[in-house]
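What follows is one structure encoded as structure tokens, with my remarks underneath.
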Amino acid sequence: MTTTHPRLPEPNPAGQWDVEELISAALRAMKNASVPLSRFRVGSAVLTSSGKIFEGCNTESLIPLLGVCAERNAVNHAIIHGEKSFLAVAVVSDLHAPLLPCGACLQYLQEFSRQEGRDILIVAQGRSGDRMITSVDELFRGGFPEETSVEEIQQSFRWTTD
Ligand SMILES: [Zn+2]
């Protein structure tokens, strides 16, 4: 079963993008998942507006809170290479059914999508081959309101001394 979403991302400057290539990159990254605790592997790949693909896998620590999801590792991989404009993110896992990004990853992704003023497509594929196609804004309706400026967010984190 494949469900489609009406709002597909605009083509990147290269003029095209291949969803199969993005899924393949996520599947390759999944093989490198470092999951000593859960043994639950997740792979992800982000497509940037410059047409590049950056992969990530989930990484666990013996201190569970230090683990990082595949999606955020993929985004951080792109950032390391100077890319932060994302069109799409693929997620694959050991689960039979498609696995969607967790709330923390959606929050993280949405901050980048808001900076660019456009939604980010999400393509999740399970081991069964079933795909779910959706988007960050479709799944995550919370977060900071769209009109919130970075300055306002910074101010809300500021310590007060009075
Ligand atoms: Zn996550």
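General remarks:
- Checklist (1) under 18 Å from Val75 (Cβ atoms); (2) at pLDDT below 95 applied to Arg141, failing item: (1)
- The single condition among (1) surrounded by 12 or more Cβ atoms within 10 Å (Cβ to Cβ); (2) in a loop (DSSP other than H, G, I, E, B) that Glu146 does not meet is (1).
- Of the numbered criteria (1) at pLDDT below 95; (2) surrounded by 14 or more Cβ atoms within 10 Å (Cβ to Cβ); (3) not small (Gly, Ala, Ser), the one Phe86 fails is (1).
- Single residue of segment 125-143 satisfying the filter (within 16 Å of the ligand (Cβ to nearest atom) and in a helix (DSSP H, G or I)) that is surrounded by the most Cβ atoms within 10 Å (Cβ to Cβ): Val136
- For segment 87-112, the set of residues classified as among the acidic types (Asp, Glu) and under 17 Å from Ala25 (Cα atoms) consists of Asp94 only.
- Restricted to helices (runs of 4 or more DSSP H) entirely inside segment 5-124, those with at least 2 residues that are within 12 Å of the ligand (Cβ to nearest atom) and in contact (Cβ under 8 Å) with a residue 12 or more places away in the chain are 70-80, 103-116.
- Residue within segment 89-110 that is loosely packed, with under 12 Cβ neighbours inside 10 Å, at pLDDT 95 or above and under 20 Å from Arg39 (Cα atoms) present: yes
The values are calculated or read from the model by the stated rules, or taken from the named source; none is laboratory data. From a predicted model like this one, the values you see are computed outputs, not experimental measurements. Here Cβ is always computed from backbone atoms with ideal geometry, including for glycine, and neighbour counts include all displayed protein chains.
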